[in-house]
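Peer 1: Dropping the structure in here first, questions after.
The values are calculated or read from the model by the stated rules, or taken from the named source; none is laboratory data. This one's a predicted model, so the numbers in the text were calculated from it and none came from an experiment. Using ideal geometry, Cβ is built from the backbone for each residue, glycine included, and neighbour counts are taken over all protein chains shown.
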Amino acid sequence: MIFLLPIEIKDREIFSKVFLSYKLLEKGHEVIIGSQRDIPQNISKISNCFWFDKNTFVSKLSKNSDMKYIDKNYIGMLDEEGPLAFFNSTSADIRYPKKISKFYDFFFVWGNEDRKKIKFLKQNVSILGHPKYDLLKKPYVHLWDAKVKSIKKKYKDFVLFNSSFKSRPSKENYRKSVITLRDNLSNKKKLKKSLKNLNTVFDDEEKNYAETRKLLKELANVYKNTNFIFRPHPNENINSVKKKFGKIPKNLKIIYQGSVTPWIISARLLIHSGCTTALEAAVLRKKIICFIPFGKSNRYRIYSKIGKFFSNKTSCIKNFGKYLNTKKSNLNLQFASSIIINSKKNNFFYKNFFKFLNKNNFHKIDSKYFISKVETSEIKKNIYFLKQIFKSFISSIKDILITTPLIYLLDQKYIYTKQSRDKKIKTLKSSEILKILNQINNINSNYLNLKISKISNNVYIINKVNE
């Protein structure tokens, strides 16, 4: 069978998607991997394939565009923004409205707590975990060895803080948030409440961010022999972050480099204020401290059960040394496994996924795909060229509208600029995919002879070559 594995955000998804590709190839399947935007644009037709989706707002879907309805394809969804257990009621309503079952054949969730969030889905829900957590366990955790060695050599013994702070949005981004709520919440009372909560969240985030900066500076001054590394959120500008921190101790560093995983592996202890990377730290059996002085949410309740939770800066500083120097992690492993089922040492997403595939006889299905034909007619070439110019012109006008209150006239699917879309994944090279495949090959007991071919821009098909 052919599996289509779209990637939306490269830094976040490339390792887990390529790893899952490798495991599928090992079983004799084929894989098409590439930019989420480019796969459907460059493949004219697919039949009896399995599209591995990351969740799309249902308001954007239709029977004309959804893979499920085109030539008997199958579509399964594993939410990359999860776990669902962290979603508040508004986020859950937007991402999982009742009609979502019409567009997906199968739903894959991270753990039992996720399953409770979507009780209305009575069937076709499987608790599998997430493939990125497979990469944190032996033997695959060794993928990070070279990077971990490099980090430890440079920064020695350090405490890592991963930022998840939501900066108060610009007028443009605030309007986008309003439109997202408007187009997905039909209940006016709920919409009004959600808009009010939106502002409350940003107020709390600003206060939490300010207190965190004070906390890290004070900890760095007390523990002068330990490095403290603050890793900004991907959406933050590192220069703006440095400006917010102002003058800092020499052992407090602000760094954003590559994937977060080797940094978590290298760290002696993780501090966070509500970041999902705490889940990776839990799988790695790291010591974890969560510091959230302002605000309340179900997510904070969950974090209070994964590691040590502080809402008071003085108390956190007073007790910090005890958690820094203890050898044992302070984890509730049973609760962690209810959030991520493959946080258990012997539980792997890919094995759970294969059980699902066998149960549904997907190994017996013959898939086909067809590449869009290259147009040879000069007239049609010119028509296509003119269409592209027109689309570019319309897109430019739209990008201007987005910066003004006229954005409220647009539908949700039109409110993002080309620049913001390109931030997700502008290019994907075969060399990037091959590098990871070769790393897995060097770790895996059975070496696979693999062939990667370019289908079109940012889209590749990978096959196992039988010798």
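Peer 1: Just one of the numbered conditions (1) modelled with pLDDT of 90 or more; (2) part of a strand (DSSP E or B); (3) not hydroxyl-bearing (Ser, Thr, Tyr) is not true of Phe15; which one?
Peer 2: (2)
Listed here are the residues, each with its yes/no results for (1) within 28 Å of Val178 (Cα to Cα); (2) polar (S, T, N, Q).
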{"residue": "Arg95", "(1), (2)": "yes, no"}
{"residue": "Lys98", "(1), (2)": "yes, no"}
{"residue": "Phe108", "(1), (2)": "no, no"}
{"residue": "Asn112", "(1), (2)": "no, yes"}
{"residue": "Lys117", "(1), (2)": "yes, no"}
{"residue": "Phe120", "(1), (2)": "yes, no"}
{"residue": "Gln123", "(1), (2)": "no, yes"}
{"residue": "Leu128", "(1), (2)": "no, no"}
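Peer 1: Got a sec? Which helices (runs of 4 or more DSSP H) wholly within the stretch 301-369 have at least 3 residues that are closer than 30 Å to Phe50 by Cβ and hydrophobic (A, V, I, L, M, F, W, C)?
Peer 2: The helices (runs of 4 or more DSSP H) meeting that bar are 349-359.
Peer 1: Filter the stretch 334-374 for residues that are under 21 Å from Phe106 (Cα atoms), modelled with pLDDT under 85 and not basic (Lys, Arg); which is surrounded by the most Cβ atoms within 10 Å (Cβ to Cβ)?
Peer 2: My answer is Ser367.
Peer 1: Does His142 qualify as being of a type outside the set (Asp, Glu) and surrounded by 21 or more Cβ atoms within 10 Å (Cβ to Cβ)?
Peer 2: no
Peer 1: Please verify whether the stretch 84-106 includes one or more residues that are part of a strand (DSSP E or B), in contact with a Lys or Arg (Cβ under 7 Å, 6 or more places away or on another chain) and at pLDDT 90 or above.
Peer 2: Taking every residue of the stretch 84-106 in turn, none turns out to be part of a strand (DSSP E or B), in contact with a Lys or Arg (Cβ under 7 Å, 6 or more places away or on another chain) and at pLDDT 90 or above.
Peer 1: Would you check which residues across the stretch 232-250 are more than 23 Å from Lys10 (Cβ to Cβ) and assigned to a loop (DSSP other than H, G, I, E, B) and list them?
Peer 2: Gly246, Lys247, Ile248, Pro249, Lys250, listed by residue number.
Peer 1: Out of curiosity, is Asn64 in contact with an Asp or Glu (Cβ under 8 Å, 6 or more places away or on another chain), part of a loop (DSSP other than H, G, I, E, B) and at pLDDT below 90?
Peer 2: It is false that Asn64 is in contact with an Asp or Glu (Cβ under 8 Å, 6 or more places away or on another chain), part of a loop (DSSP other than H, G, I, E, B) and at pLDDT below 90.
Peer 1: Next question. Out of curiosity, is Ile229 within 30 Å of Leu135 (Cα to Cα) and touching an Asp or Glu at 6+ places or on another chain (Cβ under 9 Å)?
Peer 2: Criteria not met by Ile229.
Peer 1: Name the single residue, out of those in the stretch 265-284 being of a type in the set (Val, Ile, Thr) and part of a helix (DSSP H, G or I), that is surrounded by the most Cβ atoms within 10 Å (Cβ to Cβ).
Peer 2: Val283
Per-residue answers, yes or no, for (1) within 26 Å of Arg175 (Cβ to Cβ); (2) surrounded by fewer than 19 Cβ atoms within 10 Å (Cβ to Cβ); (3) touching a residue at least 12 places away in the same chain (Cβ under 8 Å):
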residue: Phe202; (1), (2), (3): yes, yes, yes
residue: Leu216; (1), (2), (3): no, no, yes
residue: Ile248; (1), (2), (3): no, yes, yes
residue: Gln257; (1), (2), (3): no, yes, no
residue: Trp263; (1), (2), (3): no, no, yes
residue: Lys286; (1), (2), (3): no, no, yes
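The rows are residues; the columns are (1) small (Gly, Ala, Ser); (2) assigned to a strand (DSSP E or B).
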{"residue": "Leu143", "(1), (2)": "no, no"}
{"residue": "Lys153", "(1), (2)": "no, no"}
{"residue": "Asp203", "(1), (2)": "no, no"}
{"residue": "Ala210", "(1), (2)": "yes, no"}
{"residue": "Lys217", "(1), (2)": "no, no"}
{"residue": "Phe228", "(1), (2)": "no, yes"}
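Peer 1: Collect the residues in the stretch 142-164 that are among the aliphatic types (A, V, I, L, M) and within 25 Å of Leu219 (Cα to Cα), keeping them in residue-number order.
Peer 2: Matches in the stretch 142-164: Val148, Ile151, Val159, Leu160.
Peer 1: Can you tell me how many residues in the stretch 229-242 are more than 18 Å from Gly258 (Cα to Cα) and either surrounded by 17 or more Cβ atoms within 10 Å (Cβ to Cβ) or among the basic types (Lys, Arg) (or both)?
Peer 2: Counting residues in the stretch 229-242 that are more than 18 Å from Gly258 (Cα to Cα) and either surrounded by 17 or more Cβ atoms within 10 Å (Cβ to Cβ) or among the basic types (Lys, Arg) (or both) gives 1.
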